[in-house]
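Student: Encoded as structure tokens, here's the structure I'll be asking about.
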Amino acid sequence: MERKIVLVTGATSGFGRATAIKFAEHNFNVIITGRRKERLEELEELIKNTYDVDVLSLCFDIRKRKEVKDAVDAIPHAWKSIDVLVNNAGLAVGLSTIQEGDIDDWETMIDTNIKGLLYISRAIMPGMVERNAGHIINIGSVAGKEAYGKGNIYCATKFAVDALTRTMRIDLLPHNIKVSSICPGLAETEFSLVRFKGD
């Protein structure tokens, strides 16, 4: 039986890295994506040396629509039949009241958490529809269920992920495509390191 293929966005750290390793452990061939080439290479080596699966690394910025399209278009034919898409890439930047918010931070969160998820999903979904099979897993957050002080834009983007998950599920149901979300709470990742810009 042919191995299934999973594509995991934001695989260079945190949940994405752990998710890619977990799928490899369960005998999936893994496509890992992220902006940090050296981290992708390190993860690719780790997976190849630990599990008997194939790995394809795609280095691009999920926020840039053309980069996403070019990367997906360039996926070799043997890797095109993606069975599972894990929309993991996401971040929080800053922790300010709404009236004091940094608009650049807002745009980074919106571009990554909403638009990036949409860009990669739009590139992968037609193949799933054509094959009448697939599973999309969106990584949301408890912040997409309950708002908290100074979490304004991050919460808004994760509430959007929750709404998108629900509407994607409705639209893709006739094509036998599952859509799920996982909404983590506090966990040991680079989340705060990113949010506070290394501080």
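Student: Hand me the chymotrypsin sites (Phe, Trp or Tyr not before Pro) from segment 102-166 located in a DSSP loop with no more than 13 other Cβ atoms within 10 Å, in residue order please.
Tutor: Counting only loop positions with at most 13 other Cβ atoms within 10 Å, the chymotrypsin sites (Phe, Trp or Tyr not before Pro) in segment 102-166 are 148.
Student: Which aspartates and glutamates, if any, have their Cα less than 18 Å from the Cα of residue 4, not counting same-chain residues under 8 positions apart?
Tutor: Residue 4 reaches 25, 44, 52, 54, 83, 130.
Student: Which residue fluctuates most in the GNM of the chain (Cα springs below 10 Å): 58, 164, 173?
Tutor: 173
Student: Kirkwood Rh and Cα-based Rg: tell me the resulting Rg over Rh for segment 81-125, rounded to two decimals.
Tutor: Using Cα coordinates only, the ratio equals 1.14.
Student: Right, something else. Calculate the tail of P(r) for segment 41-99: the fraction of all Cα-Cα distances greater than 20 Å, expressed in %.
Tutor: When every Cα pair of segment 41-99 is considered, 46 percent fall beyond 20 Å.
Student: Further question: List the GluC sites (Glu not before Pro) within segment 1-108 that DSSP assigns to loop and that have no more than 10 neighbouring Cβ atoms inside 10 Å.
Tutor: Answer in residue order: 2.
Student: Taking N as the number of residues in segment 1-94, what is its alpha-carbon radius of gyration divided by 2.2 N^0.38 Å?
Tutor: 1.02
Student: Here is a follow-up. Computing the accessible area with a 1.4 Å probe over protein heavy atoms, can you report the carbon and sulfur percentage for segment 63-199?
Tutor: That fraction is 57 percent.
Student: Using a cut-off of 9 Å between beta-carbons, work out the net charge of the residues near residue 145 (Lys and Arg +1, Asp and Glu -1, residue 145 not included).
Tutor: Result for the local shell: -1.
Student: Cα to Cα, under 14 Å, and not fewer than 8 places away if on the same chain: which aspartates and glutamates meet these conditions relative to residue 66?
Tutor: Hits, sequence-local ones excluded: 111.
Student: May I ask you to give the solvent-accessible area per residue for segment 47-182, in square angstrom, as obtained with a 1.4 angstrom probe?
Tutor: Heavy-atom SASA per residue in segment 47-182 reads 52 Å².
Student: Right, next: Straight distance only, please: which lysines reach the Cα of residue 69 with their own Cα at less than 17 Å, same-chain residues fewer than 8 apart left out?
Tutor: 80, 115
Student: When all alpha-carbon pairs of segment 94-199 are counted, what percent fall beyond 21 Å?
Tutor: 40 percent
Student: Bin width 5 Å, origin at 0, all Cα-Cα pairs of the chain: what percent of pairs per bin?
Tutor: Computed distribution, short to long bins: 1, 8, 16, 20, 21, 16, 10, 5, 2, 1, 0, 0.
The values are calculated or read from the model by the stated rules, or taken from the named source; none is laboratory data. Computed from a predicted model, the values in this text were never measured in an experiment. Positions of Cβ are generated from backbone atoms using ideal geometry, with glycine treated the same way; all protein chains shown enter the neighbour counts. Each accessible area value is taken on the protein alone, full model and side chains, heavy atoms only, with ligands, DNA and RNA left out. Shrake-Rupley method; radii C 1.70, N 1.55, O 1.52, S 1.80 Å.
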